[in-house]
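Contents: one structure, followed by commentary.
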Amino acid sequence: MALKPTIYKFKLSVSDLNHDYFDSLNLTVALHPSETKERMMVRVLVFCLHAYQDHENLMTFTKGLSAIEEPDIWLRGLDDQLHLWVDVGEPSFERVKKSCRLAKQTYVYSFNSKSNAWWKQSQVQFSTLPVNVFSFDWHEIQTLSRLLARTMDFSVTLSGDSAFVAAEYEQVDVNWQALQLDEN
């Protein structure tokens, strides 16, 4: 018998000072049985980072680990054109190359303890692609994941290259670093 995903509900108050975007988001997120809580929390944080781009409320979490041909998050237009492809983790060069052909914008967010080694191996190949690559601090992501409960109310303030996440009794700063930016 296959294990079922665990469902989490997030009520998010997002203040993106970088893009003058302020909104409340209600997200239902499935934690795949083979996914870590840290990875899921990165998916939620990345959703907040790109919420300003979602003018028609069409950005969605995909089936993720259950569908290897899909990103973690995508934004499709009303005409079904793929505007945004977001991968969380350390995808292969071939996967990112394919996503750059399919989507107008591609983003990769690396977050774990092996991110530096992955980037060192991938950097030269990725420099040939129009992709944005970012890395989160692993220890800060671990701290963020400790805030997790089945139902959460978060306030997320984005400013510069950091997010201030406030839960009921705790707050966490999460920082990221741009490893490669698409200049187009």
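Report, by residue number, each residue of the range 156-170 that is open to solvent by 80 Å² or more (accessible area, probe 1.4 Å) and either more than 23 Å from D20 (Cβ to Cβ) or aromatic (F, W, Y) (or both). Quick ask: steps written out before the conclusion?
Our first condition is that a residue be open to solvent by 80 Å² or more (accessible area, probe 1.4 Å); within the range 156-170, this holds for 161, 164, 168-170.
F164, E168, Y169, E170, listed by residue number.
Matching residues to (1) within 16 Å of T157 (Cα to Cα); (2) surrounded by fewer than 17 Cβ atoms within 10 Å (Cβ to Cβ):
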residue	(1), (2)
I7	no, yes
L12	yes, no
D16	yes, no
D23	yes, yes
E35	no, no
L45	yes, no
H50	yes, no
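Are any residues in the range 150-182 free of Cβ contacts under 8 Å to residues at least 40 places away in the same chain and not in a strand (DSSP E or B), and if so, which ones? Step through it out loud before you land on a result.
Quick first cut of the range 150-182, residues free of Cβ contacts under 8 Å to residues at least 40 places away in the same chain only: 161-162, 164, 166-173, 175.
Within the range 150-182, D161, A167, E168, Y169, E170 qualify.
Going residue by residue through the range 106-123, is there one that turns out to be among the β-branched types (V, I, T), in contact with a Cys (Cβ under 6 Å, 6 or more places away or on another chain) and at pLDDT 95 or above? Quick ask: steps written out before the conclusion?
Step one: of the range 106-123, the residues among the β-branched types (V, I, T) are 106, 108.
Adding the requirement that they be in contact with a Cys (Cβ under 6 Å, 6 or more places away or on another chain) leaves 106.
Checking which are at pLDDT 95 or above leaves us with 106.
Checking the range 106-123: at least one residue is among the β-branched types (V, I, T), in contact with a Cys (Cβ under 6 Å, 6 or more places away or on another chain) and at pLDDT 95 or above.
Just one of (1) open to solvent by less than 50 Å² (accessible area, probe 1.4 Å); (2) modelled with pLDDT under 95 trips up N132, so point out which.
N132 satisfies all of (1) open to solvent by less than 50 Å² (accessible area, probe 1.4 Å); (2) modelled with pLDDT under 95 except (2).
Any residue in the range 63-86 that is touching a residue at least 12 places away in the same chain (Cβ under 8 Å), open to solvent by less than 50 Å² (accessible area, probe 1.4 Å), of a type in the set (D, E, K, R) and farther than 19 Å from T28 by Cβ?
First, pick out the residues of the range 63-86 that are touching a residue at least 12 places away in the same chain (Cβ under 8 Å): 64-66, 71-78, 81-86.
Now restrict to residues that are open to solvent by less than 50 Å² (accessible area, probe 1.4 Å): 64, 71-75, 77, 82, 84-86.
Adding the requirement that they be of a type in the set (D, E, K, R) leaves 72.
Pick out the ones that are also farther than 19 Å from T28 by Cβ and you get none.
Looking for residues that are touching a residue at least 12 places away in the same chain (Cβ under 8 Å), open to solvent by less than 50 Å² (accessible area, probe 1.4 Å), of a type in the set (D, E, K, R) and farther than 19 Å from T28 by Cβ, one finds none in the range 63-86, hence no.
Here are some conditions: (1) within 16 Å of L179 (Cα to Cα); (2) over 12 Å from the mean Cα position of the chain (by Cα). V46 meets all but one. Which one does it not meet?
(2)
The values are calculated or read from the model by the stated rules, or taken from the named source; none is laboratory data. Model, not experiment: these values are computed from the prediction. Positions of Cβ are backbone-derived with ideal geometry, glycine not excepted, and every protein chain shown enters the neighbour counts. What goes into the accessible areas is simple: the full protein's heavy atoms, side chains included, and nothing from ligands, DNA or RNA. Shrake-Rupley method; radii C 1.70, N 1.55, O 1.52, S 1.80 Å.
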